[in-house]
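Structure first, then comments.
The values are calculated or read from the model by the stated rules, or taken from the named source; none is laboratory data. Treat the numbers as computed from the prediction; the structure is a model and nothing was measured. So basically every Cβ, Gly included, is an ideal-geometry build from the backbone, and we count neighbours across all protein chains shown.
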Amino acid sequence: MPPRRRFLGLAGAGLLALSAAGCFQPMYAETRPGEGPSLQDSLSQVEVVFSDGRVGNEVRNDLIFALTGGAGNPAGAPYTLLLKVKSTTSEASVVSPLTGLPEVEIVSVDVEWQLFEAGAKTPQKTGRATGRASLDSGYQRFARARAIRDAENRAASVTAETIKSQLASYFLTHAPKS
């Protein structure tokens, strides 16, 4: 390819990139005064209600930390998040040829969530999130029980991050401008 054509192609690509540069804003960027609350401010205004079970509480705690950055669950917040958590353990198709027992298990944490505005009876937004983690099955009963618990915690953390991303998407497109 001649150098002149290559230069024109690069110049055209550069102009195209410059023309689109102002169209994008990073999701977690701070807003300018008068544009409304930042995404982090909106996320920190979500109160996460208690959920049943150990895994449900693990998802809740991870989600509170992800939304507030460690500031704790805001009481009396303008939004309330309800979680319905279900955890299952299933055997993978990897079976030991010596014992006939499964060598790998998969833990799934499935969450259905609903976001309510304060005082509202119908949800503003609903969604689902799933987290999965694998573990090596062992022959020791207590070691296996602890491995399942650790896998549930890892899957709960993945699920909480997924819910945070779903809420961020919602607040970017539906949050009221102040």
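Within segment 75-95, the set of residues being over 21 Å from Gly131 (Cβ atoms) and modelled with pLDDT of 90 or more comprises Ala77, Pro78, Tyr79, Thr80. Restricted to segment 8-52, and to residues there that are assigned to a loop (DSSP other than H, G, I, E, B) and modelled with pLDDT of 70 or more, the residue that is farthest from His174 (Cα to Cα) is Asp52. Taking the numbered list (1) surrounded by 13 or more Cβ atoms within 10 Å (Cβ to Cβ); (2) not in a strand (DSSP E or B) in turn, Leu83 passes all entries but (2). Name the residue that is farthest from Ser169 (Cα to Cα), counting only residues in segment 96-145 that are modelled with pLDDT of 95 or more and among the acidic types (Asp, Glu). Across segment 96-145, the extreme among qualifying residues is Asp110. Tell me, which residue of segment 132-152 that is small (Gly, Ala, Ser) and touching a Leu at 6+ places or on another chain (Cβ under 7 Å) is nearest to Leu101 (Cα to Cα)? Within segment 132-152, the match that is nearest to Leu101 (Cα to Cα) is Ser137.
Can you confirm whether segment 153-166 contains a residue that is of a type in the set (Asp, Glu), under 18 Å from Glu47 (Cβ atoms) and modelled with pLDDT of 90 or more?
The answer is no, given that none of the residues of segment 153-166 is of a type in the set (Asp, Glu), under 18 Å from Glu47 (Cβ atoms) and modelled with pLDDT of 90 or more.
Here's the yes/no breakdown for (1) of a type in the set (Lys, Arg); (2) in contact with a helix residue (DSSP H, G or I) (Cβ under 7 Å, 6 or more places away or on another chain):
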{"site": "Gly138", "(1), (2)": "no, yes"}
{"site": "Arg149", "(1), (2)": "yes, no"}
{"site": "Val158", "(1), (2)": "no, no"}
{"site": "Ser165", "(1), (2)": "no, no"}
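For segment 107-145, a residue qualifies if it is over 24 Å from Leu81 (Cα atoms), surrounded by 13 or more Cβ atoms within 10 Å (Cβ to Cβ) and of a type outside the set (A, V, I, L, M, F, W, C), and the qualifying residues are Ser134, Asp136, Ser137, Gly138, Arg144.
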